[in-house]
1. Quickly work out the GLN316-to-ALA56 label distance, labels modelled 7 Å from Cα along the C-beta direction, and quote it in nm with one decimal.
2. In which sequence would SER165, SER252, SER264 go, from the one with the fewest C-beta neighbours within 10 Å to the one with the most?
3. Quick one: net charge around CYS105, please, counting Lys, Arg +1 and Asp, Glu -1 for every other residue with C-beta under 12 Å from its C-beta.
4. About the Cα centre, and with charges only on the beta carbon of Lys, Arg (+1) and Asp, Glu (-1), how big is the dipole of the stretch 269-308? Nearest 20 debye, please.
5. For a quick check: sort CYS47, CYS205, CYS105 by the number of other beta carbons within 10 angstrom, fewest at the front.
6. Label points 7 Å out from Cα along the Cβ direction at GLN167 and GLU298: separation in nm?
7. Can you pull the percent of Cα pairs in the stretch 91-155 with separation above 15 Å?
8. Using unit Cβ charges (K, R positive; D, E negative) and no other charged atoms, how large, in debye to the nearest 20, is the dipole of the stretch 65-104 about its Cα centre?
Amino acid sequence: MKRRKFLKNSTLGSAAVLGVTPLVSCREAASPMPKPELLPGGPVAICTWDFKNATARAWEVLQEGGSALDAVEAGVMVEEADPGNQTVGLGGRPDRDGYVTLDACIMDSLGNCGSVMGLEGYVHAISVARKVMEQTPHVILVGEGASRFAREQGFPTRDLLTEASRQQWMEWKKNEDYQPVINIENHDTIGMLAMDADGALAGACTTSGLAYKMRGRVGDSPVIGAGLYVDPEVGGATATGLGEEVVRTVGSFLIVELMRQGKSPQEACEEGVRRILARKKGKPDFQIGFIALNTGGETGGYCIHPGFTYRQYDAQGHRNTPVSSYLKSSES
Ligand code: GLY
């Protein structure tokens, strides 16, 4: 029953559920509107960074009674289609040979999952990943096989390398000393988690990966358990940042397991970052950001360097939440 949450989000809605006529005195009617009654849980959509158009789209789907799975797919598709976002989909920065290759994965509330790695020529890697989940006996398709599958499924092909990204790549090629810049080039993967009116969870994660990566390099984003993990009984987590470090600790799975053991989403994200840093000496020169959502609708996030935020849309509104960081501004 997709709409139960929305009925319960107002006093009138609660009365309607009970089948009674709400009695409101003039005095009560003149007082400020009560805050919406929040059920434990959703609907809620959160995503890494301030991708407000993505959470707005996901919320629209949830409000129409759509599933969490439909919401996360539709939400991240907004960023995949935006040529101005140079870390996801169309307009993503290429690998060092000039090819834009996309990585994405998706998980539903039953633990089903699908993933594509190194997909070329298709904007909506997340939708191809969903098709892998729903239309094949497999979980992951890579490279040429992923592209062939996308073609067979009827996805339109497109050159993903925009002029802006091509020019930047040409500049990069001139400078052998180039180093990625924290929070700009490498860390804008969109990971999204949602819970629908039925309490079902889903997650999606999509990226063009590390700018100027080696050909064939795959990061955390399409790796189930690393860039994304969803457990219907516990919650979900997703990551942004330098994928190699997230893969080494299977970060999103770790965070979900920590929530299973009783940690809040916030505490679990903090421990996820600490596990990564426990393996490092000196000040980390890379960024990682985690966000998490549990089945009670609580959210949390944590990162290494200041600057990471996450977007949240729920019955309390649409907001960008700053995330506390392991390093403070003066240390970063
Ligand atoms: N987190 C995205 C990547 O490292 O590819």
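Taken together, the values in this text are just the output of simple stated rules run on the coordinates, not laboratory data. Owing to the predicted nature of the structure, the values given are computational and were not obtained by experimental measurement. Cβ: placed from backbone, ideal geometry, glycine included. Neighbour counts: every protein chain shown.
1. Here the modelled spin labels are 2.2 nm apart.
2. Numbers: SER165 21, SER252 31, SER264 16.
By the 10 Å Cβ count, ascending, the order reads SER264, SER165, SER252.
3. On the way: positive: ARG130; negative: GLU73, ASP103, ASP108, ASP220.
Combined, the nearby Lys, Arg, Asp and Glu give -3.
4. Values: 6 positive and 4 negative charges, 71 e Å.
Taking the Cα centre of the stretch 269-308 as origin, the dipole is about 340 debye.
5. Working: CYS47 30, CYS205 36, CYS105 33.
Ordered from fewest to most neighbouring Cβ atoms within 10 Å, CYS47, CYS205, CYS105 come out as CYS47, CYS105, CYS205.
6. Roughly 4.8 nm, to one decimal.
7. Numbers: 924 of 2080 pairs.
For the stretch 91-155, the fraction of Cα-Cα distances above 15 Å is 44 percent.
8. Details: 2 positive and 8 negative charges, 27 e Å.
Magnitude of the dipole: close to 140 debye.
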